[in-house]
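Written out below as structure tokens is the structure these notes cover.
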Amino acid sequence: MAIKLDRKITLLQGTALNMIDMVGIGPFVVLPLVIQKMGGPHFLLAWIVGAVLSLLDGMVWSELGAANPGAGGSYNFLNESYGKKGGKLMSFLYVWQTMLQAPLVAASGAIGFAETATYFFHIDAIQQKMLSASVIVLITLLLYRKIETIGKIGVIMWVAVLATLSWIIIGGVTHHSISNNYFSSINTIPVDLFFTSLGFASVKTIYSYLGYYNVCHLGGEIKSPEKNIPRSIFISIFGISILYLAMNMSVVSVIPWQEAQNSKYVVSMFIEKIYGHSAGIIATIMILIVAFSSVFAVVLGYSRIPYAAAKDGNFFPIFARLHSKKHFPHISLLFICGLGFIFSLLFRLSEVISAILAMRILVQFIGQAIGLILLRKRKGTKHLPFKMPLYPLPVILVIIIWFLIFLSTGITFALSGLLVIALGIIAYFLSVKYKIFENKKSIT
């Protein structure tokens, strides 16, 4: 009897996993970077851009996720949207890049964890690398279990995320001493310079929003997916957007933005300034818990993608293996964590953030949006449990904004993203020519 994934994740658990994936270390470490890029209190606009893009793109994910609720998320969406021939190529390219960018995402959280830990641990660069690698190892051990247990762990981590952000927001509301005008100074900046700065800053904020779609990767394990996937996505986006905006306003209402932009531990410094050094230590510990939780959620979701492709006969069959007792794709999990372990030893956080976006935008985000248009033309909308409002306007805006963000990652990372796609196309046609995946059944 074939082993199957279990549909045990509830709306609460799915939303919790989405939100802890979104938060992670991102908003805490990129806050000063965003202020630097914008050069003023109007840095809040970059966070608004991230929220708007997430909402628009969330409509695409919701429509596709509700209609195709299987493990693997974008793999299934691209395969279905582009038809028999184009679908195989696009879905293969997505898995191809996932095998690199999923470990990069995991590494980014682990690296951020190690950097934040230096607030109270005076450790050198090598020790930081060892700490980030240890985070990946611990994540692997925690995820090596049944999905219902993971769902419960996710809810506990979600509570820690909400508690951390709420403490920061309440601290700013009750102790604000600086009045900032977030938008009026825009008029003093040349238009071209302003939009260039906004583009570079938005690369950082969008990194902090990524994860609102994590529930789609777990589509094969979500209860009532046609309803719960869109609900989870929109609850996550609205909730996190409000928390991010409130958190940023709170921080710069206590610490001047001129000072905050140069602080490596801006949130810890913020709490310390209000409540004292002991509170700063507690806040840093809570941030580390949040960062750890995010790596947990992201690895959980991404480990289902190579599994889905291999099960479909479009990737190496070994990745289709499920654990005989715990019913999860353990080979896929071990590969992503293993490569994440290596990446956490090799790269810096700022490099990883830009590389993640550059690698994903063209195939996954833009490719998926175009795919939705093709799917609607080919099959109509009767089969769609969720239909986005104002179609096709959200899709057009998503494509335009994602392309601008791709350009804003910088020439080096944009070219590296194109290189990964080019190598993936070569690998795909070689696999077709030599029938590497043909007639291979999934292994359970």
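The label-point distance for Lys325 and Asp192, in a model that sets each label 7 Å from Cα toward Cβ, rounds to 6.6 nm.
Residues with beta-carbon under 11 Å from that of Thr98, excluding Thr98: net charge, scoring Lys, Arg +1 and Asp, Glu -1? Once all neighbours under 11 Å are counted, the net charge is +2.
Over the chain, dividing the summed -39,500 (n - 2.57) contributions of all DSSP H runs of at least 4 residues by the number of residues returns a 222 nm mean residue ellipticity of -24000 deg cm²/dmol.
Ordered by 1.4 Å accessible area with all protein chains kept, Met388, Met90 run largest first as Met90, Met388. The stretch between Ser166 and Ile126 holds 11.0 nm of extra length on full extension. This uses 0.36 nm per residue minus the Cα-Cα distance.
Here Lys85 is the anchor, and the aspartates and glutamates within straight C-alpha reach of less than 16 Å, apart from those fewer than 8 places off in the same chain, are Asp312, Glu438. Straight-line reach from Lys146: taking Cα to Cα under 18 Å and skipping same-chain neighbours fewer than 8 places apart, the lysines in range are Lys4, Lys8, Lys223, Lys325, Lys326.
Let me check against my output: what whole-number percent is the relative contact order of the chain, with C-alpha pairs under 8 Å and at least 6 apart?
Normalised by residue count, the contact order of the chain is 35 percent.
Place a point 7 Å from the Cα of Asn181 along the Cα-to-Cβ direction; which residues of the stretch 234-262 have their backbone N under 20 Å from it? Residues 249-250, 252-259 qualify, since their backbone N sits under 20 Å from the label point.
Springs between Cα atoms under 10 Å define the GNM used for the chain, and in it the highest mean-square fluctuation of Val60, Val254, Val23 occurs at Val254.
Rounded to the nearest 20, the Cβ-based charge dipole of the stretch 1-157 about its Cα centre (Lys and Arg +1, Asp and Glu -1) stands at 480 debye. The value of relative contact order for the stretch 79-156, using C-alpha pairs under 8 Å at least six residues apart, is 21 percent.
Within the same chain, lysines fewer than 8 places from Lys273 are excluded, and of the rest, those with a Cα less than 20 Å from its Cα are Lys264.
Across the accessible surface of the chain, with the other protein chains kept in place and a 1.4 Å probe, carbon and sulfur atoms take up 68 percent.
Looking at the chain, the accessible area is 40 square angstrom per residue; that uses a 1.4 Å probe and ignores ligands, DNA and RNA. Between Ser134 and Val159, the modelled label-to-label distance comes to 2.6 nm, taking each label 7 Å out from Cα in the direction of the beta carbon. Note: relative contact order over the stretch 309-390, using C-alpha pairs below 8 Å and six or more positions apart, is 11 percent.
Seen against the Cα atoms of the chain and their longest principal axis, helix 125-143 is set at about 50 degrees. Here's how it looks for Ala71: its modeled amide H is under 5 Å from those of Gly220, which are all 5 or more places away or on a different chain. Overall size of the chain from C-alpha positions, given as principal axis extents largest first: 66, 46, 39 Å.
Working from label points 7 Å from Cα in the Cα-to-Cβ sense, the Lys435 to Ile318 distance is 2.3 nm. Using a Gaussian network model of the chain whose springs link C-alpha atoms within less than 10 Å, name the residue from Ser416, Ser354, Ser91 with the highest mean-square fluctuation. Per the Cα network of the chain with a 10 Å cutoff, Ser416 tops the list.
Taking other residues whose beta carbon is less than 15 angstrom from the beta carbon of Leu53, and scoring Lys, Arg as +1 and Asp, Glu as -1, yields +1. Pick out which of Ala320, Ala163, Ala309 has the largest mean-square fluctuation in a Gaussian network model of the chain, springs linking Cα atoms closer than 10 Å. The residue with the greatest mean-square fluctuation here is Ala163. What the pair-distance distribution of the stretch 238-376 shows, using all Cα-Cα distances binned every 5 Å from zero, is 2, 8, 10, 14, 16, 14, 13, 9, 7, 5, 2, 0 percent.
The values are calculated or read from the model by the stated rules, or taken from the named source; none is laboratory data. Keep in mind that this is a model prediction, so the values were computed, not measured. Positions of Cβ are generated from backbone atoms using ideal geometry, with glycine treated the same way; all protein chains shown enter the neighbour counts. We work out accessible area using only protein heavy atoms, side chains counted, and drop any ligands, DNA or RNA first. Shrake-Rupley method; radii C 1.70, N 1.55, O 1.52, S 1.80 Å.
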